[in-house]
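Notes follow the structure.
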Amino acid sequence: MSNENYVNHYVEILTSTMTDAVIRNISLQANGKISESVIAEQQSKIDKLNSEVKSYTDNLNGTNEQYRNTIESLQNTVNELSGMKAEYENIKHQANHVDTFRSELIKERELHQQTRNDYELKIKELNEKIDYLQLTPAKRKKIDDSKLTPTIEVTEGTPTLFNIDTTIKDGGSF
């Protein structure tokens, strides 16, 4: 019986060992298949996320290029406006000079007109004096006598009489 016992134990151990090995093998194969499917699933997610990252990166690069173009355009506009501002300030300065020149010209015209009026008055007075001096002495005396007639001057509402020249002449003229 010992042999039989030995063989029974041997078969029992062998069976349990084989069962353990088969179960381990099946378990490992199942784990391998699950790992492969998880890895494949994760790889597809990684590929999808990589494509999204690439899309976002390309989009970001395009947006950055648009921003650079916009910034460059704005800088050009600012430069143009700065030039226009400088031109405006220059024209404004020139306009102030023109206004100053215009006002000086108006003053000079007024002075010229005043001088002209003064000269015309002097010419008129001198012409009258020339006309007076060209008169005969008798006519001059009549004019002088008419200048000596009394005039009315109003002061504080009351008229008064007085002579312009109260000198007495002896009747002769030379």
(request) Give the Rg (one decimal place) followed by the Dmax (whole number) of the range 2-145, computed from C-alpha coordinates and expressed in Å. (result) 59.9, 198
(request) Give me the lysines in straight-line cross-link reach of Lys147: C-alpha distance below 18 Å, same-chain residues under 8 apart excluded. (result) Lys129, Lys139, Lys169
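Can you tell me the length gained on complete extension of the stretch Thr100 to Glu125, counting 0.36 nm per residue apart and subtracting the Cα distance? Write down the numbers at each step before the final one.
Numbers: separation 25, 0.36 × 25 = 9.00 nm, distance 3.73 nm.
Net length gain for the segment: 5.3 nm.
Would you work out the charge dipole size for the range 1-98 about its Cα centre, treating the Cβ of every Lys and Arg as +1 and the Cβ of every Asp and Glu as -1, and quote it to the nearest 20 debye? Can you show the working numbers first?
Details: 8 positive and 13 negative charges, 51 e Å.
Taking the Cα centre of the range 1-98 as origin, the dipole is about 240 debye.
None of the figures in this text is laboratory data; all of them are computed from the coordinates on show. All of these numbers come straight from a predicted model, not from anything done at the bench. Glycine gets a Cβ as well: all are built from the backbone with ideal geometry, and neighbour counts include every protein chain shown.
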